[in-house]
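Note sheet for the following structure.
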Amino acid sequence: MKKTLLLFAALLALLCTSCEKVYTSESFFAMDTYISIKADGADSALLEKIKNEVYADEIGFSRTFSTGEIYAVNSTPHGGKVSEETAELLSRSLEISSATGGAFSPTMGTLVDLWDIKNENPRVPDESEISNVLADCNASDIELSGNTVIKKNPDTKIDLGGIAKGYSAGKCIELLKEGGVENALISFGGSIACLGNAEGRADGWNIGIKNPYNTDEIIGSVRISDCYLSVSGAYERYFEVDSKRYHHIIDPKTGYPASSDIESSAVISTDGTLTDALSTALFVLGKEKALELYRSGALDFEAVLVLNDGSICVTDGLADIFDFNTDASYKDGNKLVYNSTK
Ligand code: AMP
Ligand code: MG
């Protein structure tokens, strides 16, 4: 009798697990950030396949992996042939560069090297060093002819650090969908992709946006589904000299860390590549130009901008879904203030 009961209990447990959705997860370090994937019904083989794709992207799109295609192009004076995928990402980068008036630029390699923010002992370069390398950072010095990259300036170096994570996140989502997954959340540090719904919910995923003035708290959250969210902020990577912060997002016009009125920019769209590139671009552009770009309708996106006057600006399409954290702190004990552009 005891045996039959035990068998019955085991069968019941088995039945219950098979009718429940099982969220599997994977996390690893690549592209200089922690990556995590939570997916509804993805088996370990699928997660492994995705992980390997991300490792391949890390090598292919990196400035520093000596076996990658971007490294190879950067090392040659005149460019060369790349894979179709790299050519497409580069072409997209150039398009977004032109659509943002050059605020996003995929040719910042020499400047990023000069500032070398990740160095253990970074230093502020001299003005003359900056103006020298600035001349090698023109996006117009890179052209594509089919899958061949043409460098018009031999010293120009491509850097896809502001776009590759979003692109790769989009690829992960496509692989999950091909594997039959309908609900997933992928995080590449500041670039997030959401598919379907969170466990046990039918209204998407609730994504918190960090407060750039106090990264232990959030400024608010958005409930989103089937889209991407990328955040760029001065707080992500920086060093300080004489209490002045030098961060990793460079204004292509000046060669110095961007100093607009934006402290952090979060972008949401249905295209991971665009989302990532735009979060970087809006940060450089500042509020007025960012909103001009939004209102022009040239690119389809929404944004949450934390401004350095202590206010938060949210684009019209998010006004009803942005849940503001009224406790979010600014400076000197003050609170951040929420303004909708509506
Ligand atoms: P993100 O964190 O997506 O804003 O990207 C920042 C990274 O993009 C930096 O670490 C650089 O590698 C690169 N980057 C810096 N400034 C720019 C810029 N103005 N346009 C494009 N990429 C940039
Ligand atoms: Mg970016």
**OP:** Would you mind ranking TYR34, TYR235, TYR213, TYR228 so that the residue whose beta carbon has the fewest other beta carbons within 10 Å leads the list?
**Re:** TYR34, TYR235, TYR213, TYR228
Subject >> Net +/- balance of residues flanking LEU274 in space, Cβ distance below 11 Å, scoring K and R +1, D and E -1 >> reply: -3
Original post:
Label points 7 Å out from Cα along the Cβ direction at THR33 and ASN339: separation in nm?
Top reply: 2.8
Subject >> Relative contact order (%) - criterion: Cα under 8 Å, at least six apart; region: the stretch 146-202 >> reply: 26
Original post:
Just going by the charge dipole of the stretch 232-342, with Lys and Arg at +1 and Asp and Glu at -1 on Cβ, which of LEU274, THR315, SER243 is farthest out on the positive end?
Top reply: SER243
**OP:** Could you grab the relative contact order for the chain? Cα pairs under 8 Å, six or more apart, rounded to a whole percent.
**Re:** 15
Original post:
Does the stretch 135-241 come out rounded, prolate or oblate, given a ≥ b ≥ c as the square roots of the eigenvalues of its C-alpha gyration tensor, rounded meaning a/c under 1.5 and, failing that, prolate meaning a/b above b/c?
Top reply: oblate
Original post:
How much length is gained if the chain between ILE117 and LYS331 is pulled fully straight, taking 0.36 nm per residue apart and subtracting their Cα-Cα distance, in nm to one decimal?
Top reply: 74.5 nm
Subject >> Residue among SER36, LEU89, ILE163 farthest towards the positive dipole end of the chain, charges placed on Cβ >> reply: SER36
**OP:** Given the options PHE301, PHE65, PHE283, state which has the largest fluctuation in a GNM of the chain using a 10 Å cut-off (strictly under) for Cα springs.
**Re:** PHE65
Subject >> Positive-end extreme of charge dipole, the chain - chosen from LEU47, THR110, SER221 (charges on Cβ) >> reply: LEU47
Subject >> Lys, Arg +1 and Asp, Glu -1 on Cβ, resulting dipole of the stretch 80-146 about Cα centre, debye, nearest 20 >> reply: 120
Original post:
Between the stretch 252-310 and the stretch 95-160, how many Å separate their Cα centres?
Top reply: 19
Original post:
Can you give the FRET efficiency for ASP261 and GLU88, using 1/(1 + (r/R0)^6), R0 = 30 Å, r = Cβ-Cβ distance, to the nearest 0.05?
Top reply: 0.35
**OP:** Pop the C-beta distance of SER311 and GLU178 into the FRET formula with R0 = 56 Å and round what comes out to the nearest 0.05.
**Re:** 0.85
Original post:
For the stretch 181-332, what does the alpha-carbon gyration tensor say about shape, rounded, prolate or oblate, given a ≥ b ≥ c as the root eigenvalues, a/c under 1.5 as rounded, and a/b over b/c as prolate?
Top reply: prolate
Original post:
Taking the Cα centre of the stretch 110-209 as origin and charging only Cβ (+1 Lys, Arg; -1 Asp, Glu), how large is the dipole, in debye to the nearest 20?
Top reply: 320
Subject >> Net charge, SER62 excluded, C-beta distance under 11 Å - Lys, Arg +1, Asp, Glu -1 >> reply: -4
Original post:
To the nearest 500 deg cm²/dmol, what mean residue ellipticity at 222 nm is calculated for the chain from DSSP H runs of n ≥ 4 alone, each contributing -39,500 (n - 2.57), summed and divided by the residues?
Top reply: -10500 deg cm²/dmol
Subject >> FRET efficiency for ASN147 and GLU48, using Cβ-Cβ distance with R0 set to 41 Å, rounded to 0.05 >> reply: 0.90
Original post:
Which shape class applies to the chain: rounded if a/c is under 1.5, otherwise prolate when a/b exceeds b/c and oblate if not, where a ≥ b ≥ c are the square roots of the Cα gyration tensor eigenvalues?
Top reply: oblate
Original post:
How big is the charge dipole of the stretch 195-342 about its Cα centre, in debye rounded to the nearest 20, if each Lys and Arg gets +1 on its Cβ and each Asp and Glu gets -1 on its Cβ?
Top reply: 260
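All of the numbers you see were taken from the coordinates with simple rules; none came from a lab. A quick note: this is a predicted structure, and the numbers were derived from the prediction, not measured. We place every Cβ from the backbone using ideal geometry, glycine too, and count neighbours over all the protein chains shown.
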